[in-house]
Amino acid sequence: MRYDIHREWFRSPRGRSVLVYVRESTNDHNTAQSCLNEDEYRTRDLHLTGLAVDIGGFLGTVALALLIDNPNLRVILVEPIPENLDMIRRNLSVNGVADRATVIAGAAGRSGDLVTIAYAFQGEENELHHAFVGNAVVADATFEHKEVAYPALGLEDLTDGEIAYLKIDCEGGEWGFLTSPGLERIARIEGEYHPVLLPDGTTGSRERLEALLSPTHIVSYPDPDGWGFTAIRR
């Protein structure tokens with residue numbers, strides 16, 4: 001299916017103008033609105049320097065928020081879907097911040113595992129609307145779709161230095177990634193956890209998230225009923 005692309009203006013969390021390429025008839029507009037104008041990942045009051053990491057880059061809108069509002073910050077973006085990688089590069093370039101971003105084609109997980117990402121499901125309206133949201137864990141792959149596969153990237157594959165901010169929203173890939181050694185190098189994590197069935201037969205949960213993060217971070221939940229979380233280094 002062909003998706004037309006156009007440009008729209010948004011605002012960064014601190015009110016700066018951001019131009020974003022979006023695909024019509026998809027959730028691109030909603031995602032850009034949420035990440036930028038609505039500050040879904042809670043960057044507005046953070047004044048960051050050094051390095052940030054964006055796992056699940058999608059359009060690059062979280063990276064744009066970080067880079068445009070924090071001129072002394074660099075960002076590594078990880079994104080598995082080829083069509084999204086093209087959108088990320090366009091959006092970084094049109095906003096003049098590509099020189100402070102490193103874009104990696106890959107998928108988050110436990111380092112070295114093979115990860116298959118399914119996307120572009122050709123089903124009902126909901127599937128078409130979310131065509132470019134990749135899923136690391138797929139319960140029903142009966143609809144026609146696309147797949148890409150990568151050796152998973154853990155934290156140790158991205159950097160061995162300090163990380164001021166990590167955003168992670170990768171539809172199930174977070175469970176493997178958060179087993180990475182070196183989580184104590186991350187000052188702040190903002191993300192979503194997903195209650196998906198895991199390879200050991202258990203389901204992702206808040207209890208599992210806290211078991212992974214509580215040795216190094218204090219975990220809280222901005223929306224008590226949602227999947228979002230904040231983890232601040234102890």
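The values are calculated or read from the model by the stated rules, or taken from the named source; none is laboratory data. Given the structure is predicted, the values throughout are model-derived calculations rather than measurements. Positions of Cβ are generated from backbone atoms using ideal geometry, with glycine treated the same way; all protein chains shown enter the neighbour counts. The area values use the complete protein model at the heavy-atom level, side chains included, leaving out ligands, DNA and RNA. Shrake-Rupley method; radii C 1.70, N 1.55, O 1.52, S 1.80 Å.
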Quiz item: Hey, does region 29-41 have a residue that's among the acidic types (D, E) and on the phi > 0 side of the Ramachandran plot?
Solution: yes
Self-check item: Filter result for G57 (modelled with pLDDT of 95 or more, assigned to a loop (DSSP other than H, G, I, E, B), among the small types (G, A, S) and under 28 Å from H145 (Cβ atoms))
Solution: yes
Quiz item: Could you give every pair whose Cβ atoms fall below 8 Å, whose first residue belongs to region 65-81 and is part of a loop (DSSP other than H, G, I, E, B), and whose second residue is of a type in the set (F, W, Y), counting only separations of at least 6 or pairs across chains?
Solution: P80/Y150; I81/Y119; I81/F132
Exercise. Hey, could you check region 1-30 for residues that are among the polar types (S, T, N, Q) and farther than 22 Å from L67 by Cα and say which is most open to solvent (accessible area, probe 1.4 Å)?
Key: S25
Exercise. Could you name every one of the helices (runs of 4 or more DSSP H) located completely within region 121-234 that has at least 1 residues being over 24 Å from T31 (Cβ atoms), of a type in the set (A, V, I, L, M) and open to solvent by 40 Å² or more (accessible area, probe 1.4 Å)?
Key: 206-213
Quiz item: Considering only residues of region 80-112 that are over 19 Å from T61 (Cβ atoms) and in contact with a helix residue (DSSP H, G or I) (Cβ under 6 Å, 6 or more places away or on another chain), which is surrounded by the most Cβ atoms within 10 Å (Cβ to Cβ)?
Solution: G109
Quiz prompt | Selection within region 1-35 - assigned to a strand (DSSP E or B), closer than 25 Å to Q122 by Cα and of a type in the set (V, I, T) | solution = I5, V22
